[in-house]
Amino acid sequence: MSVLPGAEPFLFDAGSDAPAGILLSHGFTGSPKSIRPWGEALHAAGYTVSCPLLPGHGTRWPDLNRTTWEDWYAEVEREYLALRERLAPGTPIVAGGLSMGGTLVTRLAEVHAGLPTAPAGLLLVNPSYFTLRKDAALLPVASKLIGSFPGIRNDIKKPGQDELAYSRLPLKAAASLSKLWKVVRADLGKVTVPIRLFRSADDHVVEPENSATLLAEVSSTAVSETVLTDSFHVATLDNDAPVIFAGSVDFVGSLLAGAR
């Protein structure tokens, strides 16, 4: 299945001697287009930035129902380890993500906790770890009977933006996402790396309790949160995007300064 124009993965290479690498992940039903400007801003600061297209994304929504959270995580980890190989030994790598992308890189920090391969820090924009929607309890049954529901895409306050997300919510994949949430929630205490969190005050996809839970349950001591007051869920394409970009560059710079 061909990839939708604009949904392609990206790699912005700053050379093998780049001071840091950044692995970014897009969200559920979304595509790399939703975070490409974020990647461009980090590359402009001198960093090598990569973003994979998650399996089942960027084509047609039925393709997503043929994948699971293990497939999405495996692609994120594969790209993360490939980025480590691309850069000089010992180069710090920061992992970042939007929405479910934030969930996946949080899992990356859990799996690699205490290892030389652990990320140097996490950049998170409206990450998800659960949902408070009552109908989510019906997913295991509904996913066996119905292929999809109408979904929420382009939850963006700024006019004229398109994240290239599916208009349908694939239910089998959504059921798998709920399993990912449980796995990540159970291991949040393993996360010890510095975290820079950006949360939209008005988000129609991910409830604010998700960020509150992250802050309460991780073991990281260096954590900062910025509340975005002029953006909806896809904040990396919204009015507060410059705040995210500048804050991300500052965060990576602070990690490098601390390492020195």
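Every number here is computed from the coordinates shown, using simple stated rules; none is lab data. Remember, predicted model here, so these are calculated numbers, not experimental data. Glycine also receives a Cβ, built like all others from the backbone with ideal geometry; neighbour counts cover every protein chain displayed.
To the nearest 20 Debye, how big is the dipole of the chain about its Cα centre, given +1 on the beta carbon of each Lys and Arg and -1 on that of each Asp and Glu?
Values: 23 positive and 27 negative charges, 123 e Å.
Value, rounded to 20: 600 debye.
Taking 7 Å along the Cα-to-C-beta vector as the label spot, tell me the residue 149-residue 187 distance in nanometres, rounded to one decimal.
Taking the two extended label points, one gets 2.8 nm.
Once label points are set 7 Å from the Cα along Cα→Cβ at both residue 2 and residue 227, what is their separation, rounded to one decimal in nm?
In this crude spin-label approximation the distance works out to 4.7 nm.
Quick one: which residues, 5+ away or cross-chain, put their amide H under 5 Å from the amide H of residue 223? H built at 1.01 Å from N.
195
Please compute, for the alpha-carbon atoms of segment 160-203, the extent along each of the three principal axes and give them in descending order in Å.
Extents along the principal axes, in whole Å: 37, 29, 17.
If each DSSP helix of 4+ residues adds -39,500 (n - 2.57) and the sum is divided by the residues in the chain, what number results at 222 nm, nearest 500 deg cm²/dmol? Show your work: numbers first, answer last.
Numbers: 8 runs with 94 residues, N = 260.
Helix-only estimate at 222 nm: -11000 deg cm²/dmol.
Could you give the size of the charge dipole of segment 142-240 about its Cα centre, using +1 on the Cβ of each K and R and -1 on the Cβ of each D and E, expressed in debye and rounded to the nearest 20?
Around 600 debye, computed over segment 142-240.
With springs only between Cα atoms under 10 Å apart, run a GNM on the chain and tell me which of 104, 23, 188 wobbles the most.
188
Output the relative contact order of segment 10-259, whole-number percent, from Cα pairs under 8 angstrom with separation of 6+ residues.
Relative CO of segment 10-259 lands at 22 percent.
Considering only DSSP beta bridges where both residues belong to the chain, give the percentage that are antiparallel (nearest 5).
Roughly 20 percent of the DSSP beta bridges within the chain come out antiparallel.
Of all the Cα-Cα pairs you can form in segment 1-66, what percent are over 15 Å apart?
For segment 1-66, the fraction of Cα-Cα distances above 15 Å is 50 percent.
Express as a percent, rounded to the nearest 5, the fraction of DSSP beta bridges in segment 1-94 (both residues included) that run antiparallel.
40
In Å, what is the Rg of the alpha-carbon atoms in segment 1-146, and how long is Dmax?
Cα only, segment 1-146: 15.9, 52 Å (Rg, Dmax).
Given the C-alpha atoms of the chain, compute the convex hull and give its volume per residue in Å³.
It is 113 Å³ per residue.
Are there GluC sites (Glu not before Pro) in segment 156-260 that DSSP puts in a loop and that have at most 11 other Cβ atoms within 10 Å, and which ones?
Hits after loop and neighbour filter: nothing returned.
Please state the charge dipole magnitude for segment 176-218, taken about the Cα centre, from unit charges on C-beta atoms (+1 on K and R, -1 on D and E), reported in debye and rounded to the nearest 20.
260
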